[in-house]
Structures are given as structure tokens and as C-alpha cells.
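The values are calculated or read from the model by the stated rules, or taken from the named source; none is laboratory data. Computed from a predicted model, the values in this text were never measured in an experiment. Cβ sites come from the backbone with ideal geometry, for glycine too, and all protein chains shown count toward neighbours.
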Amino acid sequence: MADASKTEKATPRRRQKAREKGQVARSKELSSALALGSVVAVLAWQMGHAPSAWTTFFRNTLDSAASGNLEPGSPLFFWSSIEVFRWIVPCMLAAWTAAFLGGVGQGGLVIATEPLIPNFERLSPARKLGQIFSITSVASLLKSLIPFAAIAYVGIACLEANWRNMIQASFLDVKGFAHLVGAMVLQFLWKTAAILLLWTGVDYFLNWRKIENDLKMSRQDLREEVKDTEGNPQIKGRVRKIQRLMRRQQLLKATKTATVVVTNPTHYAVALRYEPDMVAPVVVSKGRDLLAQKIKEVARWNDIPIMENPPLAQALYKSVEVGQTIPSKLYTAVAEILVVIYRAQAEMRKQAAQRSPHGAGPGGHS
């Protein structure tokens, strides 16, 4: 009985795993039916010139036997074998080709290694007896009796249709008798092949439906597969949190190398670094809200100037990634800030230089 909780179609991963185990929809009788059909087709093709060819062959064989020695190594036996193989080989090749194409066409070329692994439970006599007398075994037996009954009916119908000709067959010559028997055999074979092909189509559909029902998944199965393929969501969340913390630490460390920090002043903070040999200032870190506060705190601890310019801060945050140089359209605004900073730093250095001579020294007062 099917599991009522399994309502979802199988995912590609589940289908692939089932394929690796050899669970592919196949009809075991399809290859046999196609092989029989191909043999019937070859026989029907050979039937047109077979009587004259075999008549010529037997006439030449009898003439050779009358005039030569019938020894095992004589050319007569060699050429007879060649003639027999010339008629048998096409039938065998057609049967093998059709059987191979029928097997590959149902589910492709499947190389499943798991069924080859030794399993001693399969050798258990009790298990074998249970399989023989199981409902599945009885259902399989009854299923195989359906095409057998249809073939038996076709055979009886063929005999009834040709019963009058069979009674009068004693009045026919050899050629007419061979034609009658060949026509009856060919009629029975192609009808048998048609029945088997029709039945294998039904059998394939039933097997395909069973495989599809077996592969169905419940919602819990889908969740477990997502965990297996993409990882546990909780673990992934922790990994993402650790990654964010590491990136934040890197940004705060890079802030120590900044020349100036441009702020919103509360929501955005962008740290810029500029050296005289650089083409343009580079964004070394940026952040908003809590991270912006952290960047400003690092700037204060390292005596990095903090400039409030809301439009510039928002433009830098939204248009420039960390590690990139600022765009040319922002050169003027950033340059004005850098000029102010450099002037302030120069003024501070000048004041420090002016104060230094008034300290204790050779020319100072004690």
C-alpha cells in the first residue's frame, strides 16, 4: 500500500540515486518481443526468394554428393555450412540488435554496481520460499498468463482458418506444401509478435507507474534532501554570521590606514585613503548604522579626521565598493575635504613647531 504522506514528485537527485541502484522502468519482455518481431520481419523478407534459392542449393548438393566423396573434410560440408549461416546470421543479428536497442531505449545504458555487491540474505531458502508464495509472485504469474492465453487463442484461430487447406495438403506438391506451412508459420509468428509488443507496452506502463510511486517523496524527505545538498540551515546561518564578523573586523582594521572618514553623520561612514602617488582616493572601509559607529570610533582612537558631508557620504557608500577608487564625478568634493584636512594638519604642525622653542633648552629660561 502506498504511503499517503508521499505526495511530492521525485527530485532529480532522488531519480539519479535510484538510477545508480538500477531502479529504472523497464519491461523484461520488450527485448524478447522486439527480437521476435525482427526475426519475423527478416523471414518475411527472405520468404520471397527462399524457395528457389533452397531448391538450387539442394539440387547442387545432391549432384555433388553423387559425383564426389561424402567425407567430413570435403568441400560439400563446408559450402553447406556457409549456406546455412547465410540464412541464419541475418535473423540472429536482427534479433540481437532489436533486443539491445529495446533495452537501451527504455532507460538508457545503466551500469548499476550496487546489485553486484554480495548479499547473503538473497541465498536464504526461507526468503526464497516467501517470494515464491507471495502475492507479488502470484500476481506476476497471472500477469504472464494473459499474453500466453492470447497467443494460444491466435494459434488455435490460425489452425481453424487453415484447417481445410491442411486436410487437402496431401494433394499438394512439395512447393505448394512448403508455401502453405510457411504462410501459416509466418502468420502465427507476426501475430504473436504483435501481441507481445502490445503487452510489453502495457507492462512498461505498469512498471513505470510503480517506479514513479516508489520514488515519490514526503515533505520531510524534501527537507532532508535540502539539508544533505545545501547543508543544515542552522549551520549555514552560523557560518554566515562568522563570515560577517570577519569581514567587519577586516573593515575596521583597514580603517586605521584611512586619511579621512566621511560621515552622514549618523547612518553612513566611508573611510578614504589617499597618498600623493595615488591616482585617486581609495575606499578602504564603509558601513552604515552600527558599523558606521564602529568606523568612527576607530577613527577617533587613531586620530583620523572625521568630516560630515551627508551627500558625499551617501554617494560614496552607494557607488563605490571597498578597495575601489572613487569615481571622477566625486573628485571635486573629495578634493575639497582633503584640502581642508591638509591645511588643518599643516596648521597643527606649524603651531607645534612654534611652541617647541619655548620649552627647556639652551636659549630658554628656567
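Restricting attention to region 305-325, which residues are within 45 Å of the chain's Cα centre (by Cα) and surrounded by fewer than 19 Cβ atoms within 10 Å (Cβ to Cβ)?
If the condition is that a residue be within 45 Å of the chain's Cα centre (by Cα) and surrounded by fewer than 19 Cβ atoms within 10 Å (Cβ to Cβ), then Lys318, Ser319, Glu321, Val322, Gly323, Gln324, Thr325 are the ones that fit.
Report yes if some residue within region 330-344 is in contact (Cβ under 8 Å) with a residue 24 or more places away in the chain, surrounded by fewer than 18 Cβ atoms within 10 Å (Cβ to Cβ), hydroxyl-bearing (Ser, Thr, Tyr) and in a helix (DSSP H, G or I); otherwise report no.
Yes.
I want to confirm something. Restricting to region 168-193 and keeping residues that are touching a residue at least 60 places away in the same chain (Cβ under 8 Å), of a type in the set (A, V, I, L, M, F, W, C) and within 30 Å of Ser31 (Cβ to Cβ), which single residue is surrounded by the most Cβ atoms within 10 Å (Cβ to Cβ)?
Residues of region 168-193 touching a residue at least 60 places away in the same chain (Cβ under 8 Å): 175, 178-179, 182, 186, 189-190, 192-193.
Restricting the remaining residues to those that are of a type in the set (A, V, I, L, M, F, W, C) gives 178, 186, 189-190, 193.
Right, trim to within 30 Å of Ser31 (Cβ to Cβ) and you get 186, 189-190, 193.
On the way: Leu186: 14, Leu189: 18, Trp190: 17, Ala193: 21.
Looking at residues that are touching a residue at least 60 places away in the same chain (Cβ under 8 Å), of a type in the set (A, V, I, L, M, F, W, C) and within 30 Å of Ser31 (Cβ to Cβ), I get Ala193.
With small (Gly, Ala, Ser) and at pLDDT 80 or above as the only criterion, which of Ala254, Ala169 stands out? Break it down into steps so the answer makes sense when it comes.
Working: Ala169 fails: at pLDDT 80 or above.
None of the other options fit; the residue is Ala254.
Scan region 29-52 and tell me whether some residue there is over 53 Å from the mean Cα position of the chain (by Cα), surrounded by 13 or more Cβ atoms within 10 Å (Cβ to Cβ), closer than 29 Å to Trp190 by Cα and modelled with pLDDT under 75. Spell out the reasoning first.
Of region 29-52, the ones over 53 Å from the mean Cα position of the chain (by Cα) are 51-52.
Right, trim to surrounded by 13 or more Cβ atoms within 10 Å (Cβ to Cβ) and you get 51.
Checking which are closer than 29 Å to Trp190 by Cα leaves us with 51.
Imposing the further condition that a residue be modelled with pLDDT under 75 reduces the set to 51.
Checked against the condition, which is being over 53 Å from the mean Cα position of the chain (by Cα), surrounded by 13 or more Cβ atoms within 10 Å (Cβ to Cβ), closer than 29 Å to Trp190 by Cα and modelled with pLDDT under 75, region 29-52 yields at least one hit.
Residue check: is Asn165 in contact (Cβ under 8 Å) with a residue 12 or more places away in the chain, surrounded by fewer than 13 Cβ atoms within 10 Å (Cβ to Cβ) and part of a helix (DSSP H, G or I)?
Values: in contact (Cβ under 8 Å) with a residue 12 or more places away in the chain: yes; surrounded by fewer than 13 Cβ atoms within 10 Å (Cβ to Cβ): no; part of a helix (DSSP H, G or I): yes.
When the stated conditions are applied, Asn165 does not pass them.
Answer yes if at least one residue in region 332-339 is in the same structural domain as Val262 (by TED's automatic domain parsing), over 48 Å from the mean Cα position of the chain (by Cα) and under 14 Å from Tyr268 (Cα atoms), and no otherwise.
Initial filter on region 332-339 (in the same structural domain as Val262 (by TED's automatic domain parsing)): 332-339.
Within this subset, residues satisfying the condition of being over 48 Å from the mean Cα position of the chain (by Cα) are 332-339.
Filter once more, keeping what is under 14 Å from Tyr268 (Cα atoms): none.
Among the residues of region 332-339, not one is in the same structural domain as Val262 (by TED's automatic domain parsing), over 48 Å from the mean Cα position of the chain (by Cα) and under 14 Å from Tyr268 (Cα atoms), which makes the answer no.
For region 275-301, which positions are farther than 12 Å from Leu252 by Cα and crowded, with 20+ Cβ neighbours inside 10 Å?
Pro281, Val282, Val283
Is it fair to say Ile304 is in contact with a helix residue (DSSP H, G or I) (Cβ under 9 Å, 6 or more places away or on another chain) and closer than 15 Å to Thr255 by Cα?
Working: in contact with a helix residue (DSSP H, G or I) (Cβ under 9 Å, 6 or more places away or on another chain): yes; closer than 15 Å to Thr255 by Cα: yes.
So Ile304 passes the test.
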